There are 2 protein chains.
Amino acid sequence: MEPIRSLRNPALQRVRALRRTSERRAQGRFAVEGEDQVLAAIRAGAVLEDLLVREGASAPAGAGVEPLVVAAEAMDRISAVASGSRVIAVVRADSMPQPPAGLSGVGLVLCGVSDPGNVGTLLRTAAAFAAEVVVLGAPSADPTAPKAVRAATGATFAVPTLAVDDPALAYPEARLVALDAKGDRDLAGCDLTGPVLIALGAEREGLPASVRDRADVVCRIPQSDRAESLNVAAAGAIALSMAYRLST
Amino acid sequence: MEPIRSLRNPALQRVRALRRTSERRAQGRFAVEGEDQVLAAIRAGAVLEDLLVREGASAPAGAGVEPLVVAAEAMDRISAVASGSRVIAVVRADSMPQPPAGLSGVGLVLCGVSDPGNVGTLLRTAAAFAAEVVVLGAPSADPTAPKAVRAATGATFAVPTLAVDDPALAYPEARLVALDAKGDRDLAGCDLTGPVLIALGAEREGLPASVRDRADVVCRIPQSDRAESLNVAAAGAIALSMAYRLST
């Protein structure tokens, strides 16, 4: 069969439209690029609705949907990655891991982390350290944005996310440990055993008052005075690795 | 005076050319965008050779060079940032902090970390945890690339870098602690007191054999089996925070 060349093809149009947050929200779908990521989606049991494969590339097995072969040039045009992709899948958001009703271990709370790359990297780190959920307080970036999915390298399908207005209310049974450059106590002296939520704020704005006020403790990561602050993904990695160490 | 509107203006052409690695290397100069970053350069004593200020914005004090006012549209065209910049400076690379001749504390070694965003984030983390140098083993990204400078948020001017072919030979007096997902020992049990070099490899390729073979110990960061691996910037943050904790 001839590969698809026209950008007017309905499947190609569907993928392109999903670059927009509004479209992802309206449709309840998002796009996943790259073989590793699509395989992670399939392994996690996500429901794929479109599967586009670049001419000459092979389709991942077990997708549960007929692959469409797309000409290289058309594939490059619909890809959100500069270097293009060999495989792109459309995934139904309601087939993603669902947030737990209650927390027994560690959850990560992101308050207004607006860079999708940081949100994706933190999802990846959350998976590495067995966090049970990532709670996204507004206005955090959409974890299904192309840049977030790419940075998560498959963790999109391993850790459930929960978008809420007030993250301080998400899991009332958990202790709330807030991380802040001006925190009272060294994080290493804080109780990070579950159920616990570790909250990180936006790089410039820091934590919202609602989270700071509800926090059981506000901790800091000791650092030299040579730098302004840690990147939020670096701070999250340090905190989650400490919590994981305590849990094992 | 009328703001500069023409992209043929020599100063604007110089800035644009510096997006290319070859040009930065040939000229020994690089561009810095944004007020915070330019101020960090000035505070660190870096030599600025061009200072472009967007029409209506104010010029940072102490630059030591006459600011040129640039029309908003021309400024957006030469900016490497999608959202544009209010200030862009050209910095002489030889006015940057120079690597120490010997190591007494902690140094970070990056082996083939090719993403400039990761290199920049790791520079920022190295500054936060008072690392004395970041050794860049080929083919690591150029720390003066626009994306690296942006991710470093000023740390470009706080931590010296040293680009070498074989990072294992850079500081022979230092213990070499290699980090690897398949390491023999838990990093928390490793001696990270100075002089010590902590080596991280590329995300896919891992550490080169030369570094692995010369390493005094190969450590791992314990993590769940749910994720493939940590992002290199996350691994670096965890290791550097541990070393910093031991040094204070």
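The values are calculated or read from the model by the stated rules, or taken from the named source; none is laboratory data. From a predicted model like this one, the values you see are computed outputs, not experimental measurements. Reconstructed Cβ throughout: ideal geometry from the backbone, glycine too, with neighbour counts over all protein chains shown.
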Residues in the range B:101-118: is at least one part of a loop (DSSP other than H, G, I, E, B) and of a type in the set (Val, Ile, Thr)? yes
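Let's see how each residue does on (1) assigned to a loop (DSSP other than H, G, I, E, B); (2) of a type in the set (A, V, I, L, M, F, W, C):
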residue: A:Ala126; (1), (2): no, yes
residue: A:Ala131; (1), (2): yes, yes
residue: A:Val135; (1), (2): no, yes
residue: A:Ser140; (1), (2): yes, no
residue: A:Val149; (1), (2): no, yes
residue: A:Pro172; (1), (2): yes, no
residue: A:Leu176; (1), (2): no, yes
residue: A:Asp191; (1), (2): yes, no
Residue match in the range B:220-231 (condition: more than 29 Å from B:Pro97 (Cβ to Cβ), surrounded by 20 or more Cβ atoms within 10 Å (Cβ to Cβ) and not assigned by TED's automatic domain parsing to the domain that holds B:Ala46): yes
If I filter the range A:107-118 down to residues being on the phi < 0 side of the Ramachandran plot and away from chain B (no Cβ under 11 Å), which single residue comes out as surrounded by the fewest Cβ atoms within 10 Å (Cβ to Cβ)? A:Ser114
Answer yes or no: is there a residue in the range B:50-63 that is of a type outside the set (S, T, N, Q), touching a strand residue (DSSP E or B) at 6+ places or on another chain (Cβ under 7 Å), more than 14 Å from B:Ala89 (Cα to Cα) and in contact (Cβ under 8 Å) with a residue 60 or more places away in the chain. no
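For every residue, the table says whether it meets (1) more than 19 Å from A:Phe157 (Cα to Cα); (2) modelled with pLDDT of 95 or more.
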| site | (1), (2) |
| --- | --- |
| A:Arg19 | no, no |
| A:Gln37 | no, no |
| A:Ile42 | no, yes |
| A:Gly64 | no, no |
| A:Val70 | yes, yes |
| A:Gly84 | yes, no |
Go through (1) on the phi < 0 side of the Ramachandran plot; (2) buried (at least 19 other Cβ atoms within 10 Å of the Cβ) for A:Arg92 and report which single condition fails. (2)
Any idea which residue in the range B:202-248 is farthest from B:Glu132 (Cα to Cα), counting only those that are more than 14 Å from chain A (Cβ to nearest Cβ) and either touching a Pro at 6+ places or on another chain (Cβ under 7 Å) or of a type in the set (Ser, Thr, Tyr) (or both)? B:Ser210
Looking at B:Thr153, B:Thr121, which one is on the phi < 0 side of the Ramachandran plot, in contact with a helix residue (DSSP H, G or I) (Cβ under 9 Å, 6 or more places away or on another chain) and of a type outside the set (Gly, Ala, Ser)? B:Thr121
Within the range B:126-157, restricting attention to residues that are of a type in the set (Gly, Ala, Ser) and surrounded by fewer than 24 Cβ atoms within 10 Å (Cβ to Cβ), which residue is farthest from the other protein chains (Cβ to nearest Cβ)? B:Ala138
Considering only the range A:161-168, I want to know if a residue exists there that is out of contact with any helix residue (DSSP H, G or I) (no Cβ under 7 Å at 6 or more places or on another chain), within 12 Å of chain B (Cβ to nearest Cβ) and of a type in the set (Asp, Glu). no
Picked from the range A:175-201 (must be small (Gly, Ala, Ser) and crowded, with 23+ Cβ neighbours inside 10 Å), the residue modelled with the lowest pLDDT is A:Gly201
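Results for (1) among the polar types (S, T, N, Q); (2) under 17 Å from the mean Cα position of the chain (by Cα), shown as yes or no for each residue.
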residue: A:Thr144; (1), (2): yes, yes
residue: A:Ala152; (1), (2): no, yes
residue: A:Val159; (1), (2): no, yes
residue: A:Arg175; (1), (2): no, no
residue: A:Asp180; (1), (2): no, no
residue: A:Pro195; (1), (2): no, no
residue: A:Glu205; (1), (2): no, no
residue: A:Pro208; (1), (2): no, no
Among residues of the range B:178-189, those that are in contact with a helix residue (DSSP H, G or I) (Cβ under 8 Å, 6 or more places away or on another chain) and either in a loop (DSSP other than H, G, I, E, B) or without any contact (Cβ under 8 Å) to a residue 40 or more places away in the chain (or both), counted: 1
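Matching residues to (1) modelled with pLDDT under 90; (2) closer than 23 Å to A:Arg124 by Cβ; (3) not in a strand (DSSP E or B):
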site: A:Ser210; (1), (2), (3): yes, no, yes
site: A:Cys219; (1), (2), (3): no, yes, no
site: A:Arg226; (1), (2), (3): yes, no, yes
site: A:Leu230; (1), (2), (3): no, yes, yes
site: A:Ala233; (1), (2), (3): no, yes, yes
site: A:Ile238; (1), (2), (3): no, yes, yes
site: A:Met242; (1), (2), (3): no, yes, yes
